[in-house]
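Worksheet for the structure shown next.
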There are 2 protein chains.
Amino acid sequence: MSRTIKIEKKILEKNDVIAARLRDEFTKRKLAVVNIMSSPGAGKTTLLEETVKKLAGKISIGIIEGDIATDRDARRVEEAGADWVVQINTGGRCHLEAGMVEQALQTAPASLDILIVENIGNLVCPAGFDLGEDEGVMLASLTEGMDKPKKYPGMYRACGTLVINKVDLAPVLEMDVGEFEREALTVNPKLKLFRTSAKRGDGLDEWCGWLGSLVKSE
Amino acid sequence: MSRTIKIEKKILEKNDVIAARLRDEFTKRKLAVVNIMSSPGAGKTTLLEETVKKLAGKISIGIIEGDIATDRDARRVEEAGADWVVQINTGGRCHLEAGMVEQALQTAPASLDILIVENIGNLVCPAGFDLGEDEGVMLASLTEGMDKPKKYPGMYRACGTLVINKVDLAPVLEMDVGEFEREALTVNPKLKLFRTSAKRGDGLDEWCGWLGSLVKSE
């Protein structure tokens, strides 16, 4: 077991070196960067589609889509109106690494205000890999149940912001969004909180307003 | 990149050796073994609670609960009436490995008919680690959306059985369970299919009947 941990440590250290280089590059470009992580199917891409529609014309948005396979998420956010989109297919790997983002960034236009990285749908592994972002955002679907913060503490601690999505289902699930938030705050008391239904539109103004506030002045 | 892949291959090969040993041990014990995998919050533990309640007194069920942290799933299935329960906390690791199951098995009574392993909630990494099971079962929550089979093909191909859970939400999600099944079959045409609502009780008779059919005669 100790051998395995040592190997992982090496990979993580290598990732941190590239992430630090990326962070410098983002600063040079005055580019705000957000890394969105969640379980599969929590609604990351739907949230991004609605985000892009709301912010189009006001902020120049670039999106990196991370998926194991398919390019449908890239096509979806491109059709929604994102200014620049790259699909990364990891071909089986369970998380994005800083090196993948660095490579994708080479074709990004200088005019971008914000870069949103949609990570692989996985509540475990992506938490360990710094991508040089300004903010890690966790998207939780209300349907996952409120035991998840304590069961996946690494992810909840790695992120500064928690968006609870699919709040339109609260009545049918008989769930209290406030209780979910309280559970999350016991694991990470510093979380900024948003409640959204990307499908119905709840909370998108607050979420987009906050994203807009991350943009770095010229 | 190639170095990383080589390392992973080594870990997988080591796992395969232990899995083969485990498979021999399961045969010797006449123990049927199922490895249940899913995204976080798809409803694995709720399904197991209901399964245990239905089969108690007819079949002797052992359960290994895999979680990164907490022992609440073990307590839940124990209270439901499982005959033997072990909680494995991986402390951050994203999947169970055969060695963890082999260690847990040491305290299992010889009287068990079936062993159900609830893997870490993760639609990527557990697919790569054989636990010596007779059958890999994927639990998909309808809420995840039907693009998941093509986006997580490794998991859908690694399993022989697909249980689509939370079908009670189909009307409110405006989703067609049959379409989800067709999507899954395009990725793995050999999948055995079940539809359940662990919460409302749909499909539990079929599911439990099938589990019962796996039991090896004395």
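Just so you know, all these numbers are worked out from the coordinates, no wet-lab data involved. Small disclaimer: the values here were computed from a predicted structure and weren't measured. Here the Cβ is made from the backbone with ideal geometry for all residues, glycine too, and neighbour counts use every protein chain on show.
Just a few scattered comments:
- For segment A:2-214, convex hull of alpha carbons as volume per residue, Å³: 119
- Annotation for B:K30, label-to-label distances across the other copies: 7.6 nm (shortest first, one decimal, point 7 Å from Cα along Cα→Cβ).
- Fewest-first ranking of A:M138, B:M175, A:M100, using other Cβ atoms within 10 Å as the exposure measure: B:M175, A:M100, A:M138
- Think of it as helices only: each DSSP H run of n ≥ 4 in chain B is worth -39500 (n - 2.57), and spread over all residues that comes to -12500 deg cm²/dmol at 222 nm.
- Shielding by partners - mean other protein chain Cβ count within 10 Å, residues of A:94-107: 1
- In plain terms, the residue of A:D16, A:D147 with the fewest other Cβ atoms within 10 Å comes first and the most crowded comes last, giving A:D16, A:D147.
- With R₀ fixed at 35 Å, the C-beta to C-beta distance from B:A20 to A:A20 puts the FRET efficiency at about 0.25.
- Across the options B:L12, A:T46, B:A74, the greatest Cα extent toward the positive end of the charge dipole of the protein assembly as shown (unit charges at beta carbon of Lys, Arg, Asp, Glu) belongs to B:L12.
- Take the Cα of B:K58, step 7 Å toward its Cβ, do the same at A:L193, and the gap between the two points is 4.4 nm.
- Inter-probe distance in nm under a simple model that places probes 7 Å from Cα toward Cβ, at B:E79 and A:E13: 4.5
- Close amide-amide hydrogen proximity is noted between B:R195 and B:I164, each under 5 Å apart and 5 or more residues distant or on a separate chain (H modeled in the peptide plane; Pro and chain starts excluded).
- Inter-copy label distances at B:G160 (7 Å, Cα→Cβ; nm, one decimal): 5.0
- The simple spin-label model puts a point 7 Å past each Cα toward its Cβ; for A:A110 and B:R200 those points are separated by 5.8 nm.
- Remark: label point of A:W210 defined 7 Å out from Cα along the Cα-Cβ vector; separations to the same position in other copies 4.0 nm, ascending.
- R0 of 51 Å, Cβ-Cβ distance B:R72-B:T186: FRET efficiency to nearest 0.05: 0.90
- Most simply put, chain A has about 0% antiparallel DSSP beta bridges, counting only bridges with both residues inside it.
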